[in-house]
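Okay, so here's the structure we're looking at.
The values are calculated or read from the model by the stated rules, or taken from the named source; none is laboratory data. None of these values were measured; they are calculated from a predicted model. Please note: Cβ atoms are built from the backbone with ideal geometry, for glycine as well, and neighbour counts cover all protein chains shown. Note: areas computed on protein heavy atoms with side chains; ligands, DNA, RNA excluded. Shrake-Rupley method; radii C 1.70, N 1.55, O 1.52, S 1.80 Å.
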Amino acid sequence: MTASWFSPDFWKGRAKPVSSGGRGGAWFVDMEPPGMVLRHYRRGGMMARFAEKTYLFTGFEQTRSVAEFRLLGQLRSLGLPVPEAVAAIAWKYRLFWYRAAILVERIPNSVTFSDSDRLSDESLWAQLGQVIRRFHDNGLNHVDLNCDNILVTGDQLYLIDFDRCKLVPESENETDSAWKQRNLERLQRSVRKRCPGLSPSQRENLWQHLLQAYHRQPSH
């Protein structure tokens, strides 16, 4: 593997832009099954107007790509449903800045949560509540938990895109639940925005199934 793997041009016609979710800058790479996803790090919000693809460089170990690569390894070692990280890179850009990218294995035959044909299925929402609780019990603070970062494939659910996410120390996890509530609130806002095919009453009913399963899941 070389740095050229992190350029979509290297893959020519085998790299196809991801159409759903995110801010752009992601491609499905068609190669040996299950394939890969190439993602270039991009900012959102107000900062994107000033530095869409660059970040302040404070050392390669602190770059967003390396941090996410390592976090994915930790989450997989905990048995949590996440894709496997293949490689990460950071490029120095001028004197004080860097750009970054990551390659992860693609989850075969998956769709985003809001694109699932089971979206009105109460059992799917209950399953999601259980999955989120597993991550929370293991201390994972997913700061961008939204419909696009949840993949459905068959009877499995996966969380993806762990940029800026972190594992909360066990001592803090037991005493501070505010971050868990923020995760759920962010997801609920995403559901309202990304699931327009559901009526308000449907959304509320399905959301309650998620919450009931989340609170029913035993702690570890």
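For the range 56-94, the set of residues classified as on the phi > 0 side of the Ramachandran plot, touching a Lys or Arg at 6+ places or on another chain (Cβ under 9 Å) and at pLDDT below 95 is empty. For the range 173-195, a residue qualifies if it is open to solvent by 90 Å² or more (accessible area, probe 1.4 Å) and either in contact with a Gly (Cβ under 8 Å, 6 or more places away or on another chain) or at pLDDT below 95 (or both), and the qualifying residues are Glu174, Thr175. Scanning the range 120-160 for residues that are under 27 Å from Ser201 (Cα atoms) and of a type in the set (Asp, Glu) gives Asp121, Glu122, Asp144, Asp148, Asp155. Of the residues examined, Ala101 is not one that is of a type outside the set (Phe, Trp, Tyr), open to solvent by less than 40 Å² (accessible area, probe 1.4 Å) and either more than 22 Å from Ala85 (Cα to Cα) or part of a loop (DSSP other than H, G, I, E, B) (or both). Just to be sure before I move on: is Arg192 among the basic types (Lys, Arg), without any contact (Cβ under 8 Å) to a residue 12 or more places away in the chain and not in a loop (DSSP other than H, G, I, E, B) in the structure I sent? Yes. I'd like the residue in the range 26-39 that is of a type outside the set (A, V, I, L, M) and modelled with pLDDT of 90 or more and, out of all such residues, is most open to solvent (accessible area, probe 1.4 Å). Within the range 26-39, the match that is most open to solvent (accessible area, probe 1.4 Å) is Asp30.
If you scan the range 152-178, which residues turn out to be among the basic types (Lys, Arg) and free of Cβ contacts under 8 Å to residues at least 40 places away in the same chain?
Matches in the range 152-178: none.
Could we say that Arg39 is closer than 27 Å to Trp11 by Cβ and either in contact with a His (Cβ under 9 Å, 6 or more places away or on another chain) or in a loop (DSSP other than H, G, I, E, B) (or both) here? Here the answer is no, as Arg39 does not meet what is asked.
Can we say Leu198 is among the hydrophobic types (A, V, I, L, M, F, W, C), farther than 21 Å from Gln74 by Cβ and outside any helix (DSSP H, G or I)? Yes. Considering only residues in the range 59-98 that are closer than 22 Å to Arg133 by Cα, out of contact with any helix residue (DSSP H, G or I) (no Cβ under 7 Å at 6 or more places or on another chain) and among the hydrophobic types (A, V, I, L, M, F, W, C), the one that is most open to solvent (accessible area, probe 1.4 Å) turns out to be Leu78. Sort out which residues of the range 124-171 are farther than 26 Å from Gly25 by Cβ, in a loop (DSSP other than H, G, I, E, B) and either open to solvent by 40 Å² or more (accessible area, probe 1.4 Å) or among the aliphatic types (A, V, I, L, M) (or both), and write them in order of number. Hits for the range 124-171 are Asn138, Gly154, Asp155, Val168, Pro169. When restricted to residues that are touching an Asp or Glu at 6+ places or on another chain (Cβ under 7 Å), closer than 19 Å to Arg118 by Cβ and free of Cβ contacts under 8 Å to residues at least 60 places away in the same chain, the range 133-151 contains 0.
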